[in-house]
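Visitor: Shown below is the structure under consideration.
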């Protein structure tokens, strides 16, 4: 049995990764500050599922609290860190920039400082947002990403740079994962999928930005988790991987899938692009295929079907 630290364990991706580790018999130390950016109840419900495992230990903590964090790490002594805690959301970073500086940069720095002592592998979440307004499609890990167009993207690029420095200085293996629009059951309510679904059910109009002309490379959560576990199991020096569906979907098609599953036609408010947003995301996943065996299998149509089935059940109970 290995012992893993999973930060953001009550979050969407953190919940799935922690559960996968627990299911295979590993020990997981979870840390989450239950940030009220979205429903704390949803986070607690995810965490309650994890708490049923005898090999799960949870700590309520903000990663910026360095002394408390180090006390926990001294006690638990995890050898592998999966750092998924972060303040999410491009649009929210325009409203509350300082929480991104604290959570995404200082929180990560605290973990990196600890990691140089005794950690054998450090895997962390980055984002497709680091590609900014790059016009070369699909996005490749070798592309330059030094022109972020949102503070959120800048902080995620910052985590990559800090991780690279710590790897160079202390030789700790570091793997960064650039997630592309991850979705699925138990997803965040601020995600477009659930924002659209909620408004449709409540017979309220949905806000369609970019006048509906945007494309997104959606990634179904269950397709992605095995690749994360592969990174945790295999230290690789310093590496960055794209994890995306490798097949951009038009926003209007995405909306039509939701309409079909709910049996409603949405009233649509077409609006211009929002500051910090990009028109298209598209991941080149050749490197992840080669090194991680990553292969998206769930079509967006089927992924939306499964997500809406969960949405109906969770929010009707």
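The values are calculated or read from the model by the stated rules, or taken from the named source; none is laboratory data. Everything quoted here is computed from the prediction, not taken from an experiment. Here the Cβ is made from the backbone with ideal geometry for all residues, glycine too, and neighbour counts use every protein chain on show.
Visitor: Determine, yes or no, whether residue 190 is closer than 16 Å to residue 283 by Cβ and either in contact with a strand residue (DSSP E or B) (Cβ under 6 Å, 6 or more places away or on another chain) or surrounded by fewer than 19 Cβ atoms within 10 Å (Cβ to Cβ) (or both).
Guide: Working: closer than 16 Å to residue 283 by Cβ: no; either in contact with a strand residue (DSSP E or B) (Cβ under 6 Å, 6 or more places away or on another chain) or surrounded by fewer than 19 Cβ atoms within 10 Å (Cβ to Cβ) (or both): yes.
Here the answer is no, as residue 190 does not meet what is asked.
Visitor: I would also like to ask the following. Taking residue 257 and the conditions (1) in a helix (DSSP H, G or I); (2) under 26 Å from residue 164 (Cα atoms); (3) in contact (Cβ under 8 Å) with a residue 24 or more places away in the chain, which numbered condition does it fall short on, given that it satisfies the others?
Guide: (2)
Visitor: Given the conditions (1) assigned to a loop (DSSP other than H, G, I, E, B); (2) modelled with pLDDT of 95 or more; (3) within 19 Å of the chain's Cα centre (by Cα), report the number of the one that residue 240 does not fulfil.
Guide: Of the numbered conditions (1) assigned to a loop (DSSP other than H, G, I, E, B); (2) modelled with pLDDT of 95 or more; (3) within 19 Å of the chain's Cα centre (by Cα), the odd one out for residue 240 is (1).
Visitor: Continuing with this model, one more query. Do the conditions hold for residue 245, that is, is it farther than 24 Å from residue 161 by Cβ, outside any helix (DSSP H, G or I) and within 18 Å of the chain's Cα centre (by Cα)? First the steps, then the outcome.
Guide: Numbers: farther than 24 Å from residue 161 by Cβ: yes; outside any helix (DSSP H, G or I): yes; within 18 Å of the chain's Cα centre (by Cα): yes.
Judged against the criteria, residue 245 is a match.
Visitor: Being within 18 Å of the chain's Cα centre (by Cα), under 29 Å from residue 44 (Cβ atoms) and either at pLDDT below 95 or surrounded by fewer than 19 Cβ atoms within 10 Å (Cβ to Cβ) (or both), is that true of even one residue in the range 194-217?
Guide: Scanning the range 194-217 turns up at least one residue that is within 18 Å of the chain's Cα centre (by Cα), under 29 Å from residue 44 (Cβ atoms) and either at pLDDT below 95 or surrounded by fewer than 19 Cβ atoms within 10 Å (Cβ to Cβ) (or both).
Visitor: Step by step: first the residues of the range 1-22, then only those that are more than 12 Å from residue 229 (Cα to Cα) and over 15 Å from the mean Cα position of the chain (by Cα), then the one that is surrounded by the fewest Cβ atoms within 10 Å (Cβ to Cβ). Which residue is that?
Guide: 1
Visitor: Turning to a different aspect of this structure: Specify the residue that is surrounded by the fewest Cβ atoms within 10 Å (Cβ to Cβ); the eligible residues are those in the range 138-157 that are part of a helix (DSSP H, G or I) and in contact with a helix residue (DSSP H, G or I) (Cβ under 6 Å, 6 or more places away or on another chain).
Guide: That would be 151.
Visitor: Give me a count of the residues in the range 166-187 that are buried (at least 17 other Cβ atoms within 10 Å of the Cβ) and outside any strand (DSSP E or B).
Guide: First, the residues of the range 166-187 that are buried (at least 17 other Cβ atoms within 10 Å of the Cβ): 166-167, 172-187.
Checking the rest, the ones that are also outside any strand (DSSP E or B) come to 166-167, 172-173, 180-181, 184-187.
Summing the residues that are buried (at least 17 other Cβ atoms within 10 Å of the Cβ) and outside any strand (DSSP E or B) in the range 166-187 gives 10.
Visitor: Could you grab me the full set of residues in the range 149-183 that are modelled with pLDDT under 95 and under 26 Å from residue 249 (Cβ atoms)?
Guide: 149, 150, 152, 153
Visitor: Sticking with this one: Which of the residues belonging to the range 260-299 are within 18 Å of residue 197 (Cα to Cα), in contact with a strand residue (DSSP E or B) (Cβ under 7 Å, 6 or more places away or on another chain) and either free of Cβ contacts under 8 Å to residues at least 12 places away in the same chain or not in a loop (DSSP other than H, G, I, E, B) (or both)?
Guide: 268, 269, 270 - these are the residues of the range 260-299 that are within 18 Å of residue 197 (Cα to Cα), in contact with a strand residue (DSSP E or B) (Cβ under 7 Å, 6 or more places away or on another chain) and either free of Cβ contacts under 8 Å to residues at least 12 places away in the same chain or not in a loop (DSSP other than H, G, I, E, B) (or both).
Visitor: Given the condition touching a strand residue (DSSP E or B) at 6+ places or on another chain (Cβ under 7 Å) and in a loop (DSSP other than H, G, I, E, B), answer yes or no: does some residue in the range 300-317 qualify? If you could, list the steps in order and put the result at the bottom.
Guide: At the first step, the residues of the range 300-317 found to be touching a strand residue (DSSP E or B) at 6+ places or on another chain (Cβ under 7 Å) are 300, 303, 307.
So of that shortlist, the ones also in a loop (DSSP other than H, G, I, E, B) come out as none.
No, there is no match, as no residue in the range 300-317 is touching a strand residue (DSSP E or B) at 6+ places or on another chain (Cβ under 7 Å) and in a loop (DSSP other than H, G, I, E, B).
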